[in-house]
Amino acid sequence: MNMTIIVTGGAGFIGSNFIFHMLDKYPDYRIICLDCLTYAGNLSTLEPVMDRPNFRFVKESITDREAVYKLFEEEHPDMVVNFAAESHVDRSIKDPFTFAKTNVMGTLSLLQAAKVHWESLPEKYEGKRFYHISTDEVYGALELTNPEGIESPFTTTASSKEHHHAYGSEFFLETTKYNPHSPYSASKASSDHFVRAYHDTYGMPTIVTNCSNNYGPYQFPEKLIPLFINNIRHRKPLPVYGKGENVRDWLYVVDHARAIDLIFHKGNVAETYNIGGFNEWKNIDIIKVVIRTVDRLLGNPEGHSDELITYVTDRAGHDLRYAIDSRKLQKELGWEPSLQFEEGIEKTVRWYLDNQAWMDNITSGEYERYYDDMYKNR
Ligand code: NAD
Ligand code: TYD
């Protein structure tokens, strides 16, 4: 089956991993990456696929309705997968307006372009999908009622045998009421509501999925795991917010891409699916695993980088615990994460150490010139 898919935000972390997954698995699909290359967009990530005949990169903003509509008219996409967003909570605290503009108005302009284009076709919405990528952070924060962690009541075949904890008895379900706290999660919640409104009002075939924290290759080094790997390599302090007691549920990014692929093909329109691996960790514990792994792979003695841990002022409004219940996706569509957490962290640390040029390109600012350089030379 041939299909044309517009993937927005594909020069970022999850979008690029999704594009690699799709191009490898579906050589007949045409993928158009629409990305305006903010600080978080890194075109050098996409270099390995740039010259594929079934791939096109378009540098435009999802907030530019005319440009987006023009792209729809040129490419006649069957599907849109919307990853494009401002994604970092700390930045949203300093600059909430950019988050409202990109995440809310950007998603709305994309929805409207899709609506106008698809409604102009004889088949209308037949065979079309608007797939919106969201986060578990829209559900708010959970209590940390088991601070020492108990055996998780849920399991997956890839669940870690060593670490399989839950830090509270509640989990986010697809039916959990939205209760966002940060400007980031408020903007994502708002965009999710607009996507659902386009289904309920105009009949657009939409899907929303809410995923837990992702980790893996190509993540911008402002986020916990790549930041800490890079800081350990350069022997810089590791800033732990508050007491390091906050809990996040972590999923390897390729397992997220696999889930999107499955839901995209088999999921029901207008449904929401939660995606997560039942893999809760306190920040401080995850930081210790990262330190241990980096030290071992760099040939440092055990404990060598522990002294870099630096407790700093907590993030404002720091959500205590996220824990997602993804049993619906497991039961209805048979998805399971493929990697245990220890395997995923090992793979991730190795990737950053083996691809230091990718990281150095970002920290030097060189990556921001990549688009101009590449297009000048074509
Ligand atoms: P990222 O910050 O790494 O990448 C975002 C990409 O979007 C960048 O390439 C950027 O250039 C692009 N972009 C930003 N504004 C744009 C605009 N106006 N027009 C076009 N492109 C624009 O983000 P990520 O971590 O890959 O997250 C992708 C999506 O997944 C986001 O919607 C995020 O909310 C969601 N999500 C992320 C996580 C996570 O752990 N990272 C978890 C769940 C959901
Ligand atoms: P982050 O990777 O920013 O993801 P999110 O805020 O979307 O969960 O942060 C993960 C956790 O790590 C979060 O609880 C905040 C914490 N954190 C630190 O303690 N220090 C840091 O330098 C960063 C970036 C995050």
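The values are calculated or read from the model by the stated rules, or taken from the named source; none is laboratory data. Computed from a prediction, not measured in an experiment: that's the story for all the values here. A quick note on method: Cβ atoms are made from the backbone with ideal geometry, for glycine too, and the neighbour counts reach across all protein chains shown.
Miscellaneous remarks
- Filter result for the condition that a residue is at pLDDT 95 or above and under 25 Å from residue 156 (Cα atoms), over 238, 329, 353, 308: 329
- Subset of segment 159-186 [under 16 Å from residue 324 (Cα atoms) and out of contact with any strand residue (DSSP E or B) (no Cβ under 8 Å at 6 or more places or on another chain)]: 159, 169, 175, 176, 177, 178, 179, 180
- Helices (runs of 4 or more DSSP H) completely within segment 159-276 that count 2 or more residues being within 19 Å of residue 107 (Cβ to Cβ): 183-202, 253-266
- Of all residue pairs spaced 6 or more apart or on separate chains, those with beta-carbon atoms under 7 Å, a first member in segment 32-44 that is part of a loop (DSSP other than H, G, I, E, B) and at pLDDT 95 or above and a second member that is more than 6 Å from ligand 1 (Cβ to nearest atom) and not small (Gly, Ala, Ser) are 35/59; 36/59; 36/60; 37/43; 37/59; 37/371; 42/362; 42/367.
- In segment 318-378, counting only helices (runs of 4 or more DSSP H) that sit wholly within it, the ones holding 1 or more residues that are closer than 21 Å to residue 41 by Cβ span 341-354, 356-363, 370-376.
- Whichever residue in segment 63-88 is within 16 Å of ligand 2 (Cβ to nearest atom) and touching a Ser or Thr at 6+ places or on another chain (Cβ under 7 Å) and, among such residues, is nearest to residue 30 (Cα to Cα): 83
Residue by residue, here is whether (1) among the aliphatic types (A, V, I, L, M); (2) in a helix (DSSP H, G or I) holds:
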| site | (1), (2) |
| --- | --- |
| 70 | no, yes |
| 85 | yes, no |
| 90 | no, yes |
| 102 | no, yes |
| 110 | yes, yes |
| 113 | yes, yes |
| 118 | no, yes |
| 127 | no, no |
| 138 | yes, yes |
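- Residue that is under 21 Å from residue 88 (Cα atoms) and of a type outside the set (Lys, Arg), where the choices are 218, 202: 218
- The residues listed here are 294, 290, 240, 269; of these, the one that is within 16 Å of ligand 2 (Cβ to nearest atom), more than 25 Å from residue 338 (Cβ to Cβ) and either more than 18 Å from the chain's Cα centre (by Cα) or without any contact (Cβ under 8 Å) to a residue 12 or more places away in the chain (or both) is 240.
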